1. List the residue pairs whose Cβ atoms are under 6 Å apart, where the first residue sits in segment 489-511 and is within 16 Å of the ligand (Cβ to nearest atom) and open to solvent by less than 20 Å² (accessible area, probe 1.4 Å), the second is of a type in the set (Phe, Trp, Tyr) and in a loop (DSSP other than H, G, I, E, B), and the two are 6 or more positions apart or on different chains.
2. I'm told ARG376 meets every condition in (1) at pLDDT below 95; (2) open to solvent by 20 Å² or more (accessible area, probe 1.4 Å) except one. Can you identify the failing condition by its number?
3. Report whether or not ASN593 is in contact (Cβ under 8 Å) with a residue 60 or more places away in the chain, within 16 Å of the ligand (Cβ to nearest atom) and touching a Ser or Thr at 6+ places or on another chain (Cβ under 6 Å).
4. Collect the residues in segment 15-38 that are touching a residue at least 24 places away in the same chain (Cβ under 8 Å) and either surrounded by fewer than 17 Cβ atoms within 10 Å (Cβ to Cβ) or not in a helix (DSSP H, G or I) (or both), keeping them in residue-number order.
5. Condition first: aliphatic (A, V, I, L, M) and open to solvent by less than 10 Å² (accessible area, probe 1.4 Å). Now tell me which residues in segment 309-333 satisfy that.
6. Being open to solvent by 10 Å² or more (accessible area, probe 1.4 Å), assigned to a helix (DSSP H, G or I) and polar (S, T, N, Q), is that true of even one residue in segment 463-480?
7. Got a sec? Which of GLY613, GLY603 is more than 13 Å from the ligand (Cβ to nearest atom), of a type in the set (Gly, Ala, Ser) and in a loop (DSSP other than H, G, I, E, B)?
8. Scanning segment 47-91 for residues that are of a type in the set (Gly, Ala, Ser) and surrounded by fewer than 17 Cβ atoms within 10 Å (Cβ to Cβ), which turns out farthest from the chain's Cα centre (by Cα)?
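The values are calculated or read from the model by the stated rules, or taken from the named source; none is laboratory data. Predicted model only: the values in this text are computed from it and were never measured. Because the Cβ atoms are built from the backbone with ideal geometry, glycine has one as well, and the counts that use them run over all protein chains shown. Surface accessibility is based on the protein's heavy atoms, side chains included, excluding ligands, DNA and RNA. Shrake-Rupley method; radii C 1.70, N 1.55, O 1.52, S 1.80 Å.
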Amino acid sequence: MMSSFKTQLPKSVNLPKQISRLHELSYNLWWTWHPEAARLFGRLDYELWERLGHNPIRLLREIERSRLKQAVDDKDYQKLYKTVFADFDSYFSDPKTWTHQTHPEFDSRPIAYFSMEFGLHETLPIYSGGLGVLAGDHLKEASDLGLPITAVGFMYAQGYFSQRISEDGWQEALNNMLVLEDLPVLPVLDKDGKRVTLDVELTDRSIALQIWEARVGRVPLYLLDSNVESNSEMDRLLTARLYWSDLDRRVMQEVLLGIGGVRALRTLGYNPAVWHMNEGHAAFLTLERARELVAGGASFEDAIAKTRGQNVFTTHTPVPAGNDEFPLWLIEKYLGGIYPQLNLTREQFFDIAKHQKGHSESFSMGILALRNSDGRNAVSELHGEVSRKMWNFLWADKAEKDVPITYVTNGVHTANWMARRLTNLFIKHLGSDWYEHLDQPEFWSQVDEIPDAELWAVRLHLKRKLSFYLRERVRERWTGGGFHPVQVVSSGVLINPYALTIGFARRFATYKRASLMMRDVERLLNIVNKPNMPVQILFAGKAHPADEPGKQLIQEVYRTVKKAEMGGRIVFLEDYDMNLARYLVQGVDVWMNTPRRPMEASGTSGMKAALNGALNFSVLDGWWREAYNGRNGWSIGRDEQIENSDEQDAEDAESLYSTLENEIIPLYYDRDPKEMSRGWLSRIKDNFKTNIPRFSTRRMVKQYVENLYIKALK
Ligand SMILES: *Cc1c(COP(=O)(O)O)cnc(C)c1O
């Protein structure tokens, strides 16, 4: 049945035979996490590669033919080509994957993974932030481990917005149609070469979806798309953007993901053994799976009892309001037709996920997912505690500690985020097979043998690379016109690659407290302008277009950035995406995170910084509360909850300033005769030893398999 559909690479542009496989490589995102593969494209024409935003499909189409010929004649290039394709071929033919060796029971038992967003690469903007990047890293790791995951998401026709910051600090959102022919997504066709489509019925109409496939190493990611001719204009836009803020479209999107996603997999012939929901957006899938059994004659109770064991739900939010909830009338409006198909009355249907708060009642996607899944997990230890407390009312007969929600702390895909120079340093000193030992803590004690001077040189290289990149970005914006000189300075042209550099980049939601640093502007001025010990702070991040307080926060930060007295040392970088994230986590010295505890369920950007040798300086929340040991970075505030948020802000700001003044800055500038800070280097090494093995998706995906997926198989 699996052969009833196909995807096909478009006809290749005319590449010389010696490098013809670049075409194939450009359509598998495997290239994004192999340390050398990107260079295979970049080296063809570095300037064009940068200008096209690292898009290999466009590069191969638009490059001068003479450049291709040069590559054919270049011995170094040919050597690189052979090495990369040898890795590529052995990757796809390797029968000895971790899954095959340790869990052969997963052979031909696909795991379906549903997520509203996937962050795989900057050229495929179908993610808004951490949730998506986590999903993308999960797929990359699953591919590496040989885990048979099949993923489902959306092909957003406009992608997530690009951000511009006006001269007075206001966020402007740009939405453009993506050109899908330029992206690594392939139309899914039936055996006659026609588009595969499927229908999702709402109460008043039916919506058709087509499917695209993105290839993530061995993992197929199916992307649903309502931009189909037979749909109305309005319905064609349903999957145009991430997270519509009007509830009507929001609920329809979630219906398409949950119900449409199950039907898409069925249409393609999949029969998954495990169904994993990354956040509650996909929770309608539990009802669609039950409906399939009810259609075969089962009662609703039996259908849920039969399917619940295979469902796994990962919650990512520490507040009830963070879970999508819909008014009951809205659910009735779109799902009114489904209760009879489940043999339920309207009231029985609502009871599955009704959330009563005071006088108001809503339909909670979180409750729907929790009730209908046997596998349930939060994303850090503290978030596990918070979740058990928050959802205790669903298991009213249980003590809080016995609420059946476990945790798997998030991780990041190491190869995807680690700088190539650092990878090479590890190859040199830890051995060429170091990556196979990634999640073995004992292995990492060898880091002590890396000579300080070599590690320091790599760090300096990465800092120079970051400041060079920022300057080139500004040049491009300035040349494009309409850019005020104050925006030029605010974008980092005055950044000094040798000064202590702090990064703060994340979604601008108020709980992240981006302006905590600015509570005492005088003190901040003294910090950044200390004679002989300058400090620079790089801010970046988007606010959801409908989040007014988030946008005001950006403006508040921008006002400080613009002050001439700051000397251009505090900057705001527009349009935070995976590309900018990569430069930042690799090139800063300190990664700062100031969430209002316990609001940061896990956080992952700090892990990307850690694996590149940037030291974390953060509130003891999410992952950092598990990671911090007193030697591998610094904490902001105490390991305690303060209920009054004004008090918490005041205490955390004081801790932030005094730790910077008394510990971080003096240590960074405490130089030996070779101009290195030995104390700093020792912290970097401790950071590598403790954080790299623990906060990788290698550890994370193995835990998903062993703690959740295996149970679901039975
Ligand atoms: C990693 C990443 C995030 C998530 O960062 P947090 O630590 O959760 O704030 C968000 N956006 C981008 C582009 C990222 O790469």
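1. Sorted first by the residue in segment 489-511, then by its partner, the pairs are ALA505/TYR576.
2. (1)
3. Details: in contact (Cβ under 8 Å) with a residue 60 or more places away in the chain: yes; within 16 Å of the ligand (Cβ to nearest atom): yes; touching a Ser or Thr at 6+ places or on another chain (Cβ under 6 Å): yes.
In short, yes.
4. Answer for segment 15-38, where residues must be touching a residue at least 24 places away in the same chain (Cβ under 8 Å) and either surrounded by fewer than 17 Cβ atoms within 10 Å (Cβ to Cβ) or not in a helix (DSSP H, G or I) (or both): LEU15, PRO16, GLN18, ARG21, TYR27, ASN28, TRP33, HIS34, PRO35, GLU36.
5. VAL312, LEU330, ILE331
6. yes
7. Values: GLY603 fails: more than 13 Å from the ligand (Cβ to nearest atom).
From the options GLY613, GLY603, the qualifying one is GLY613.
8. Restricting attention to segment 47-91, the residues satisfying the condition of being of a type in the set (Gly, Ala, Ser) are 53, 66, 71, 86, 90.
Imposing the further condition that a residue be surrounded by fewer than 17 Cβ atoms within 10 Å (Cβ to Cβ) reduces the set to 53, 66, 86, 90.
Values: GLY53: 18, SER66: 38, ALA86: 29, SER90: 27 Å.
Within segment 47-91, the match that is farthest from the chain's Cα centre (by Cα) is SER66.
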